[in-house]
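Asks: I'd like to ask you about the structure that follows.
The values are calculated or read from the model by the stated rules, or taken from the named source; none is laboratory data. Everything numeric here is computed off the predicted structure, so don't read it as measured data. So basically every Cβ, Gly included, is an ideal-geometry build from the backbone, and we count neighbours across all protein chains shown.
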Amino acid sequence: MRAAVEGLGTPYPLGSLMPAIYQEDPFTMRWTAALDEVLAPVISTLDCLGAYIDPDLAPEDFLLWLSGWFGLSGVFDENWPLRRRREAVARSVALYRLRGTAEGVRGLLELAAGVRVEVLDSGGTSWSPVPGGALPGAAHARMTVRILAEPGDLGDAEALGDLIAAAKPAHVAHEVEMVVRR
């Protein structure tokens, strides 16, 4: 918590901004010093705001708040190593742009599970110089998510299934394949 910094001073002491007659009064100076102590964490935070929202510089306890701000509420895990949490917040904006796409699902799962993921999508786009050309993909929207992991790396399949359901479009059915590489 920023308010718990012992002896944090302010670059703008209120007593020095008072008219000279008040600066001579000991009570006024003690009162403004108390206000300085209360305002010092606020001023420090505002002066360092750029560092607070930079995932590489933000204080460790601030990353959880940032993750929620960037749309990672269901993904971010406080038990991840610090470097992984910082990477998750740094990649969140790019992943949010891809939300609902096969590439977005793949990126989110690789970030959350820490394993390699393949996403096979039944849809596609194409063009044809002649009318009535064949359409790509299948008639029904379907997504197959193949998780490629080492024997000890397979996580909670149910949690990954819930994450996929939240990341993909609601009308697309999905299945999960866990593949253990030997």
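Asks: With respect to A139, is the statement that it is at pLDDT 75 or above and surrounded by fewer than 11 Cβ atoms within 10 Å (Cβ to Cβ) true?
Replies: Numbers: at pLDDT 75 or above: no; surrounded by fewer than 11 Cβ atoms within 10 Å (Cβ to Cβ): yes.
No, not satisfied.
Asks: If only one of G107, G68 is of a type outside the set (D, E, K, R), touching a Leu at 6+ places or on another chain (Cβ under 8 Å) and part of a helix (DSSP H, G or I), which one is it?
Replies: On the way: G68 fails: touching a Leu at 6+ places or on another chain (Cβ under 8 Å).
Only one candidate qualifies: G107.
Residue by residue, here is whether (1) among the acidic types (D, E); (2) in contact with a strand residue (DSSP E or B) (Cβ under 7 Å, 6 or more places away or on another chain) holds:
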site	(1), (2)
A94	no, no
R99	no, no
A102	no, yes
R106	no, yes
E110	yes, yes
G114	no, no
V117	no, yes
S128	no, no
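Asks: On to the next question. Given the criterion modelled with pLDDT of 85 or more, out of contact with any Cys (no Cβ under 6 Å at 6 or more places or on another chain) and closer than 24 Å to R85 by Cα, identify the matching residue among L98, L160, L154.
Replies: Of the residues listed, the single one that is modelled with pLDDT of 85 or more, out of contact with any Cys (no Cβ under 6 Å at 6 or more places or on another chain) and closer than 24 Å to R85 by Cα is L98.
Asks: Follow-up. If the Cβ limit is 6 Å and pairs must be 6+ apart or interchain, which residue in the stretch 29-48 that is surrounded by 15 or more Cβ atoms within 10 Å (Cβ to Cβ) pairs with which residue that is part of a helix (DSSP H, G or I)?
Replies: Matching pairs, first to second residue: M29/G15; T32/L14; T32/G15; D36/L14; P41/R2; P41/A3.
Asks: Of the residues L148, L82, L39, L66, only one is among the aliphatic types (A, V, I, L, M), outside the structural domain of A170 (by TED's automatic domain parsing) and touching an Asp or Glu at 6+ places or on another chain (Cβ under 8 Å); which? Quick ask: steps written out before the conclusion?
Replies: Working: L148 fails: outside the structural domain of A170 (by TED's automatic domain parsing); L39 fails: touching an Asp or Glu at 6+ places or on another chain (Cβ under 8 Å); L66 fails: touching an Asp or Glu at 6+ places or on another chain (Cβ under 8 Å).
One residue alone meets the criteria, L82.
Asks: Still on this structure, please answer the following. Suppose we keep only residues that are hydroxyl-bearing (S, T, Y) and surrounded by 12 or more Cβ atoms within 10 Å (Cβ to Cβ) within the stretch 65-109. Which one would you say is nearest to I147 (Cα to Cα)?
Replies: Among them, the one singled out is T101.
Asks: Among what's in the stretch 81-104 and is in contact (Cβ under 8 Å) with a residue 24 or more places away in the chain and not in a helix (DSSP H, G or I), pick the residue that is nearest to P55 (Cα to Cα).
Replies: So the residue we want is R99.
Asks: Criterion first (of a type outside the set (A, V, I, L, M) and closer than 30 Å to M143 by Cα) does R84 satisfy it?
Replies: On the way: of a type outside the set (A, V, I, L, M): yes; closer than 30 Å to M143 by Cα: yes.
Considered against the rule, which asks whether it is of a type outside the set (A, V, I, L, M) and closer than 30 Å to M143 by Cα, R84 comes out as yes.
Asks: Now for a different question. Kindly check whether there is at least one residue in the stretch 120-132 that is buried (at least 18 other Cβ atoms within 10 Å of the Cβ) and either under 16 Å from the mean Cα position of the chain (by Cα) or part of a loop (DSSP other than H, G, I, E, B) (or both).
Replies: For the stretch 120-132, residues buried (at least 18 other Cβ atoms within 10 Å of the Cβ) and either under 16 Å from the mean Cα position of the chain (by Cα) or part of a loop (DSSP other than H, G, I, E, B) (or both): absent.
Asks: Something else about it: Kindly evaluate D61 against the criterion of being touching a residue at least 24 places away in the same chain (Cβ under 8 Å) and part of a loop (DSSP other than H, G, I, E, B).
Replies: So D61 does not fit the description; no.
Asks: Next question, about the same structure. Determine whether G114 is in contact (Cβ under 8 Å) with a residue 24 or more places away in the chain and on the phi > 0 side of the Ramachandran plot.
Replies: yes
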